[in-house]
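A quick write-up on the structure given underneath.
The values are calculated or read from the model by the stated rules, or taken from the named source; none is laboratory data. Remember, it's a predicted structure, so these values are computed and weren't measured experimentally. Counting neighbours? That spans all protein chains shown, and the Cβs are built from the backbone with ideal geometry, glycine included. Areas reflect the complete protein model, heavy atoms only, side chains present, ligands, DNA and RNA absent. Shrake-Rupley method; radii C 1.70, N 1.55, O 1.52, S 1.80 Å.
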Amino acid sequence: MIKIAPSILTWDFTEIGRTLKIIEKSGINMLHLDVMDGHFVPNITFGPAMVKSIRKKTGLILDVHLMIEEPEKYISIFKEAGADIVTVHVETVSKLNSIIRLIRKEGLRVGVSLNPKTSLNTIKKYLPEIDMVLLMTVNPGFGGQEFIKSVLPKIRELRKAVLRKGLKLDIEVDGGINLKTAPMAVKAGANIVVAGNYLYKSRNMLNTVISLNNAINNIKM
Ligand code: DX5
Ligand code: ZN
């Protein structure tokens, strides 16, 4: 079962409650929350207060994508706010094993993300300790960018490593996902696709979620 994790990045934040209802109706069970600090990425979004408000409104799995420097300072704060999965960027951490341990100690699922140009070698030896690898298919910072196809071989390579090692690890892709690119990413080995603009800017979000879901779950490999 391939999952869609809608990203709220380009939603109207005053309408989140209402938009969440549509998402929940579609049977989706995961929501992607992009936290940006204006340092690691050039954009600023929101922090734990937003996660907390959303937690009050929904039982969806909250997949918190930290695009921030010094993420180790904020793990327990996001746990407190109601996160289920916390993903840190490998580019922002000096000791990956200690932040993995920290996230795990908080009782959270451990995600590690790689920018399009970052090599899988940075995380290979930690794979057994990670629950989800988030491969960026755009340079992080903004919604609505174009899917970078040169990441596809990296998705394939990671899927191969996961199979070879017999791991239970999710591969999430994030950026530029639509009806055309999602099947490419899934064929390459992704099993969670984040979708921002494509869903939110569509005329009928519910129908778009359903058709995207059908497309990625009926792929002939
Ligand atoms: C980008 C964010 C993404 C973003 C994706 O830095 O990490 O989650 O919301 O948006 P789309 O699907 O519009 O590329
Ligand atoms: Zn994201």
*Taking only the stretch 92-119 into account, find how many residues are within 17 Å of Glu172 (Cα to Cα) and either open to solvent by 60 Å² or more (accessible area, probe 1.4 Å) or assigned to a helix (DSSP H, G or I) (or both).*
2
*Could you say which residue among Leu31, Leu20, Leu60 is closer than 17 Å to Tyr200 by Cβ, surrounded by fewer than 20 Cβ atoms within 10 Å (Cβ to Cβ) and within 16 Å of the chain's Cα centre (by Cα)?*
Leu60
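Conditions (1) within 19 Å of Asn191 (Cα to Cα); (2) modelled with pLDDT of 95 or more; (3) within 16 Å of ligand 1 (Cβ to nearest atom), marked per residue:
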site	(1), (2), (3)
Ser98	no, yes, no
Lys105	no, yes, no
Val112	yes, yes, yes
Ile123	yes, yes, no
Glu129	yes, yes, no
Met132	yes, yes, yes
Asn139	no, yes, yes
*Residue tally, condition more than 13 Å from ligand 1 (Cβ to nearest atom) and crowded, with 24+ Cβ neighbours inside 10 Å, over the stretch 171-209*: 1
*In the stretch 76-91, which residues are surrounded by 17 or more Cβ atoms within 10 Å (Cβ to Cβ) and assigned to a helix (DSSP H, G or I)?*
Phe78, Lys79, Ala81, Val90
_Meets criteria (modelled with pLDDT of 95 or more, among the aromatic types (Phe, Trp, Tyr) and farther than 21 Å from Met132 by Cβ) for Phe78_ = no
